[in-house]
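This report concerns only the one structure given below.
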Amino acid sequence: MIPLAVFEQTIDSSGIAPQIEAMLPVGVRPRQLSVRTLLAGMCLTQADHRPAHLTRVHQVLTGLPADEQRRLGVIADWKHGPHLLTYRQTEYTFGLVAGALGEDQPGGLPSRPLQAACDGLLEASIPGEFKDASTSLAVDWTDLETFSRPPPARGGPCADPEAWRGHRKNNLLRRLDELFYGYYLCAAIMMREEKGPAAAEFARRATVSSCRHDPVRAFAPVLTAMPAAGIPLGDVLADSGYAHRDADAWAIPLRQSGARLVQDLHPHDRGPKGTHDGAIIANGSLYCPATPRSLLELGPLPRDATPEQAAAHDTSTAELARHKLGRLTADDPDGYHRVQCPAAMGKIRCPLRPASMNLDRDRPEILTPPGHPQACCTQQTLTVPPQVTAKTAQKHDYPSAAHRRSYARRTGAERGFATAKDPATNDISRGWCRLMGLTPLMLFTTTLLIVRNQRIQQARDTRQQENQRRAAAGLPPKTRKRRRKTLAGLAAGPP
């Protein structure tokens, strides 16, 4: 189990507890349970694989050693002697905190104080030596079901009016979505840089929103606020659920904040999508108008592709890159940049650019140039406004091998949710938290992610100590055992 001192250090370094205390009303008699102790008890509850119930928080606090209880105020000296913290006091303090951090008129989105408090706690749970290890983030959302039942079909109130009906993927073979009643949990997991060493996959940001709101629009402001807090944005890895949103909902705010998008394009966004001054707009880039249609319609490599199919796919995407208009400048403050014809840049041979015909014949050659060339073929350079590829432009050409290797890091978001939903640790299925409303659920979810970060840190420290011990003994580092047995391995083994 994670020691209490680790959670106390996280809470103290975040500075959130005094800020919340200043927001609470002052009564005639001082409260026995402080916000700091309450947050520590919530973290200890999640670390002990307990559900997110206030009764469990009270149990874990009253189960501490006597000296720890006195230090944290669980046992206080009253007029008639020592007094042990009661459940009603725990419920009262938590209600004050939820009321101070929640909205006066709940609408299914976290308030600014609540989001700021959860961001500060999560950021403080990341060790200082890992904060600058990577700026890449893998983002995704998952379902977070409320304990309340949905409203009656004929109408009427329910216990959790902030929640709403949402869709989630099931584990059945027919791959149908199923309905649930609750919230969406969005999280950003730290991932290694493209060419950097392995990085610890800490949860750096998270938010909870009602299913009546778009989770992408709810999470974008959380990420764009990171540079103002001194945390630069690097590669942001997202699936087509994020990329398919309107540009003003996801792509434009992230780019303005300095992020480099690496995302999978939705099937509706792939392939040719119009022209700009004669150049073909496809997959977030501009291509020569004589580019073969088969290259423009290339899709991502299937998961079950053979090495031969992967090599053929990479050859096709490399040929497609030769027809791409080359970028000459970076985006200016208004989002404009300039590109140049691929023949003028020496990537292909084209009769409309006589100088390119002197290039080696290993380059693709345009045999039938446009009869009425437009600006992309006649001008030396071309200005591209930001709205041309605002939605689909990203760091690497899609679907090139470089994009495939970079996008493969997005699985860290899946691993992040897998550890948070593992029944062996904390199963956040329905009934895990029986408190109604977004604010209590988000507070407990944040403490769960704090515990997850500490578990990752402990596992990393354990591996390093084991490797150091083996190195001192002259042994190689310990590697993971192969769990899969093949027919050839079984045939070669003893009878």
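The values are calculated or read from the model by the stated rules, or taken from the named source; none is laboratory data. What you see is a predicted model; the values in this text were computed from it and never measured. Note that each Cβ is placed from the backbone with ideal geometry, even for glycine, and that neighbours are counted across all protein chains shown. The accessibility values were calculated without ligands, DNA or RNA, using every heavy atom of the protein model including side chains. Shrake-Rupley method; radii C 1.70, N 1.55, O 1.52, S 1.80 Å.
Side notes on the structure shown:
- Cβ-defined net charge surrounding GLU103, 10 Å radius [Lys, Arg +1; Asp, Glu -1]: -1
- Partner aspartates and glutamates for LYS478 [C-alpha distance under 12 Å; skip if fewer than 8 residues away on the same chain]: GLU466
- For the peptides 258-267, 146-155, 3-12, the ranking by packing is 258-267, 3-12, 146-155, with the highest mean count of neighbouring Cβ atoms within 10 Å listed first.
- Where only DSSP H runs of four or more residues are counted, the chain gives -10500 deg cm²/dmol as its mean residue ellipticity at 222 nm, each run worth -39500 (n - 2.57).
- Remark on the range 98-181: hydrodynamic radius 16.5 angstrom, per the Kirkwood mean of 1/r across alpha carbon pairs.
- Euclidean distance of C-alpha centroids, the range 44-77 and the range 204-233, integer Å: 32
- Largest-first ellipsoid semi-axes for the range 409-456, taking √(5λ) over the Cα gyration tensor eigenvalues, angstrom: 20, 12, 11
- Apportionment of accessible area to carbon and sulfur, the chain, percent (1.4 Å): 53
- Angle between the chain longest axis and helix 112-124 axis [Cα atoms, degrees, rounded to 10]: 90
- Accessible surface, 1.4 Å probe, highest first, among residues HIS276, HIS244: HIS244, HIS276
- Charge dipole of the range 360-411 about the Cα centre (unit charges at C-beta), most positive-ward option of PRO369, HIS403, GLN380: HIS403
- Rolled with a 1.4 Å probe across the full set of protein chains, the surface gives TYR336 an accessible area near 90 Å².
- Per-selection metrics, the range 132-238 (Cα): Rg and Dmax in Å: 17.1, 56
- The range 379-404 and the range 322-340: distance between their alpha carbon centers, rounded to Å: 8
- Alpha carbon convex hull of the range 260-312, projected area averaged over orientations, nm²: 4.9
- Residue-normalised accessible area of the chain, given per residue in Å² at a 1.4 Å probe: 52
- Angle between the chain longest axis and helix 215-224 axis [Cα atoms, degrees, rounded to 10]: 90
- Kirkwood-based Rg to Rh ratio, the range 179-321, C-alpha trace: 1.02
- Cα-based shape type of the range 211-272, given that a ≥ b ≥ c are square roots of the gyration tensor eigenvalues and the cut on a/c is 1.5: oblate
- Simple Cβ-charge dipole of the chain, Lys/Arg +1 and Asp/Glu -1, about Cα centre, in debye nearest 20: 1280
- Shape of the range 66-118, Cα gyration tensor, a/c cut at 1.5: prolate
- Global size of the chain as Cα Rg and Dmax, reported in angstrom: 27.6, 99
- Close amide H partners of MET191, meaning residues 5 or more places away or on another chain with modelled amide H under 5 Å apart, are SER136, LEU137, ALA138.
- In this structure, the pairs whose alpha-carbon distance is over 19 Å, taken from LYS273/LYS324; LYS131/LYS395; LYS324/LYS347, are LYS131/LYS395.
- Computed lengthening from THR55 to LEU359, 0.36 nm per intervening residue step minus Cα-Cα distance: 101.8 nm
- Degrees, to the nearest 10: 87-101 long Cα axis against longest axis of the chain: 40
- Binning all Cα-Cα separations of the range 1-131 at 5 Å, short to long from zero, yields these whole-percent fractions: 2, 10, 18, 22, 22, 15, 7, 3, 1, 0.
- Global form of the range 347-431, assessed from the alpha-carbon gyration tensor, a/c cut-off 1.5: prolate
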